[in-house]
Amino acid sequence: MIFRENSINDFFNSKAFALLMALAMIVISYLDCTIWQDRLSISNSHGIFFPSLAQGFSNITLSVTANCICILIVSVMLVALNKTFNFIRSVTWVYASVFMMLNASNPITSGMLYSGTIISLAVAIIAFAMFASFEQRRSQRNVFTAFAMIATLSMFQYAFLYLLPVVALGFMLMKVMNLRSTLAMIIGIITPFWIVLGLQLANFSDFALPSYESFWTELQRPQMHINIIGMVLIALLTIGLVCANLLHIITYKLQVRAYNGFFVYLAVFTSLMLAIDYRNAFNYLPVLHLCLGVQFAHFFTTNTHTRRYIAVIVLLLLSVALRVANHIF
């Protein structure tokens, strides 16, 4: 019996389960793409100067394909990130599986390409640059690149701006924020705006911030009540696992604690932005899925209980329930 349960745990921890989740996500995305083709009005917003990058895809099939490719790239990058920096003290694919599973649970995150998927891809790229900078004296280039990327993308989607304090705190954890790095951060933020305004690609008159609508107005949009329930459940589960995993993380060496500290900051700030910027909440959802994937991987690999596979089954059932609820209600 114990051998069978360990085999189930190994399956959920394996590449095979991750491939199964990838296949399920792709199939679900294409099956529903015509049903949810009008959701750009729900999930996409503007940036500081320009419309969302995702609006450049007019073909639905092409947009769904691009979104699936981005999700798969982020999943592979998560695996590569852990293999390179070993922030989860075990070889596992479960965080990639959970990330794809949760994205498949929502018709917006698994449908046409939108800013939320691009934000999660940017986070994965920045994490590589950040982790490689740990206690490196000459890390100004990575600092500049990370903040220049955020500043540039914020012109197309203002939700990227919340990454500025998260990434700044992350680089502080990497112990690289000296005077030169601080200057690199400031120059990285200023340079993209300087170039765009200097080349007159945009003017100060184009500057736009998000408009405000009451929470109850937002609640009247299609399927919003179901999605809000799902977001709250995922946010609470993420924060709960963060608190539970901290007991294990604090026993790791300084470098690994710094890596995981970034994901803790990211989870907290993303959960806060879901509540504060509720009109644009969908754009933060894939990053929250990423955070839950990382925290779930910590829980799954550090927990020695032979029936820990039940947690994966519960999460899978929750994902299916959220997906089905979006069609019923």
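Just one of (1) touching a Phe, Trp or Tyr at 6+ places or on another chain (Cβ under 9 Å); (2) at pLDDT below 95 fails for H289. It is (2).
Pairs are defined by a Cβ separation below 6 Å, a sequence spacing of at least 6 or placement on different chains, a first member in region 306-325 that is of a type in the set (S, T, N, Q), and a second member that is open to solvent by 60 Å² or more (accessible area, probe 1.4 Å); the pairs so defined are T306/I2.
Among the residues of region 167-186, those that are under 17 Å from A132 (Cα atoms) and either of a type in the set (S, T, Y) or touching a residue at least 60 places away in the same chain (Cβ under 8 Å) (or both) comprise L169, G170, L173, M174, K175, S181.
Residue by residue through region 157-187, note down the ones that are open to solvent by 50 Å² or more (accessible area, probe 1.4 Å) and under 20 Å from N283 (Cα atoms). Listed by number, the residues that qualify are L161, P165. Among the residues making up region 81-102, those that are more than 23 Å from L316 (Cβ to Cβ), open to solvent by 10 Å² or more (accessible area, probe 1.4 Å) and in contact with a helix residue (DSSP H, G or I) (Cβ under 8 Å, 6 or more places away or on another chain) are T84, F85, N86, R89. Only a single item in (1) part of a loop (DSSP other than H, G, I, E, B); (2) open to solvent by 40 Å² or more (accessible area, probe 1.4 Å); (3) under 18 Å from G293 (Cα atoms) is not met by L72, and it is number (1). What about N67, is it free of Cβ contacts under 8 Å to residues at least 60 places away in the same chain, closer than 19 Å to R323 by Cβ and not hydroxyl-bearing (S, T, Y)? The answer is yes for N67.
The values are calculated or read from the model by the stated rules, or taken from the named source; none is laboratory data. In this text the structure is predicted, and so the values were computed from the model without any measurement. Positions of Cβ are generated from backbone atoms using ideal geometry, with glycine treated the same way; all protein chains shown enter the neighbour counts. Note: accessible area is taken over every heavy atom of the protein model, side chains too, but ligands, DNA and RNA are not part of it. Shrake-Rupley method; radii C 1.70, N 1.55, O 1.52, S 1.80 Å.
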